[in-house]
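Just so it is clear, none of the values below were taken in a lab; they were calculated from the coordinates. Computed from a predicted structure; not experimentally measured. Note that each Cβ is placed from the backbone with ideal geometry, even for glycine, and that neighbours are counted across all protein chains shown.
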Amino acid sequence: MQRYLFNFYLAIEGINANKLRSFLTALGIIFGVAAVIAMLAIGSGAKQAILEQMKLIGTNNIVLTAKMPGEDGEGEEEGEAEGQAVGNQKEKKPFSPGLTLEDLATLETIIPNVESVSPEIVLPTNVIQSAQLQKAKCIGVNNDFFELNQLDLESGEYFHKTHLDGGKPVCIIGKNIQLKFFKDQNPIGQQIKCGNTWLRVIGVLLKRQASKESLDNLGIRDYNSDVYVPVKTSLLRFKNRAKIGKDRIARNNRRNSGEQENYHQLDRAVIRVGDSKQMKATAAVMARILKRRHNDIIDFEIEVPELLLEQEQKTQDTFNLVLAVIAGISLLVGGIGIMNIMLASVLERIKEIGVRRSLGANRKDIILQFLFEAVIISLLGGIIGVAVGILSAKAIASSADIPTVVSAWSIILSFGVAATIGLIFGLFPARKAAMQDPIKALRSD
């Protein structure tokens, strides 16, 4: 052990005697390790962002969204094709009832793979309580909505069967609504006014933490700022756009004249399926059923967010692999730099090697001295590189608005790689130094 320590001290003295050269030798490792830390931080940040998005949308979910015919060019062509008549005059376009609760009941009955269905009716409204007013959205939902979106209650209770079936004037509020209107009091059992309807608060949602970027990317609302009522309450006490009446007939006439007006009873629905392998097939069957029920008018859109996010994650993994290869090449170049400088150092210190051999040092001692020098330079470069990499990751996150996460394992990996590079690329110069003939070494100038 004493012999090892003595060779270690000699290696430190050699580094101190040539500080500038040692620093230049470590530059390759510094930049290589910094690149590894920064690249892994970007990859981990992107992965975490995708996992957060997966948590927001839930798993095995299919999103069904109502839209107006021809919004993306679909449905318009079919309507025009069916509307051709003699003399190039168009007949009235086929009538679509829009996205309704009956559609969801049909899907749930016909498709055995469907586990739960969550309809959503989104109605912009004014929320009033204690002489305070705030614009918000009143959302008609059932209890499956809270389960599918992983929304827990902070206090109170979910809707009862009597609330859901009888159209009772009750609501569950988001955390931001509570902080706005019931900051210093318990909102459970109190009244809040949405539009012209008074509702009794029966529950408060636990605050959902989500970045604005995630909400925008997924096209979902901020759940903390909404008021939730049973679906039938929304239809009976607020607005039922599917109700047949003079307004509905006038709406259809306006649609035939080219005007667009929302006629869907539901704005959105989330459908959970049991088998994730059948999601694409289930979505295709849903599209065919809805198209037939809507008289071949494509006034809906079906998305499978989980599959889109999985594809995004695969793309991100490929990108991370490319970044890792680039960072690995930087470390490789740094290791080659260490080997080159150490070989040059051996040629400069031939006389020193000869003196040590003449005083009793064997080849193993010479190998250990130069090997220790290479490893110490690599580790020092690794320490500085980790600091530079962390600072670079923070700079990237703040300047480019890219999420970065510096993990402990990436730091450990960088240290391990730096030490390994010093060991591998320092071994050849150390052996070359040890193989020097001591007599020829003492003769050199």
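For the pair N186 and Q209, a Förster radius of 30 Å applied to the C-beta separation gives a FRET efficiency near 0.85, rounded to the nearest 0.05.
Site pair E154 and V122 shows an inter-label distance of 2.3 nm when each label is modelled 7 Å from Cα along Cα→Cβ.
Distance from the C-alpha centroid of the range 105-135 to that of the range 1-46: 59 Å, rounded to the whole angstrom. Close amide H pairs (under 5 Å, H built 1.01 Å from N) link L153 with L206, residues at least 5 positions away or on another chain.
Measuring between alpha carbons in the structure, the pairs from K193/K239; K137/K291; K161/K239; K67/K291; K168/K193 lying more than 23 angstrom apart are K137/K291. Annotation: extensible slack from F319 through D222 equals 31.9 nm (criterion: 0.36 nm per residue apart, minus Cα-Cα distance).
Here the simple spin-label model places points 7 Å from the Cα toward Cβ, and for N340 and R288 these points are separated by 6.5 nm. Here the Karplus curve 6.51 cos²θ - 1.76 cosθ + 1.60, taken at θ = phi - 60°, turns the phi angles of the range 101-116 into couplings of 5, 5, 4, 5, 5, 5, 4, 5, 7, 7, 8, x, 6, 7, 9, 8 Hz, with x standing for Gly and Pro.
Couplings 3J(HN,Hα) for the range 380-391, derived from phi with the Karplus relation 6.51 cos²θ - 1.76 cosθ + 1.60 (θ = phi - 60°), are 4, x, x, 4, 5, x, 5, 4, 5, x, 5, 4 Hz, where x marks Gly and Pro. With R₀ set to 25 Å, the beta-carbon distance separating R21 from L359 gives a calculated FRET efficiency near 0.50. Between I62 and I271, R272, V273, the built amide H atoms are under 5 Å apart, and every one of these is 5 or more places off in sequence or on another chain.
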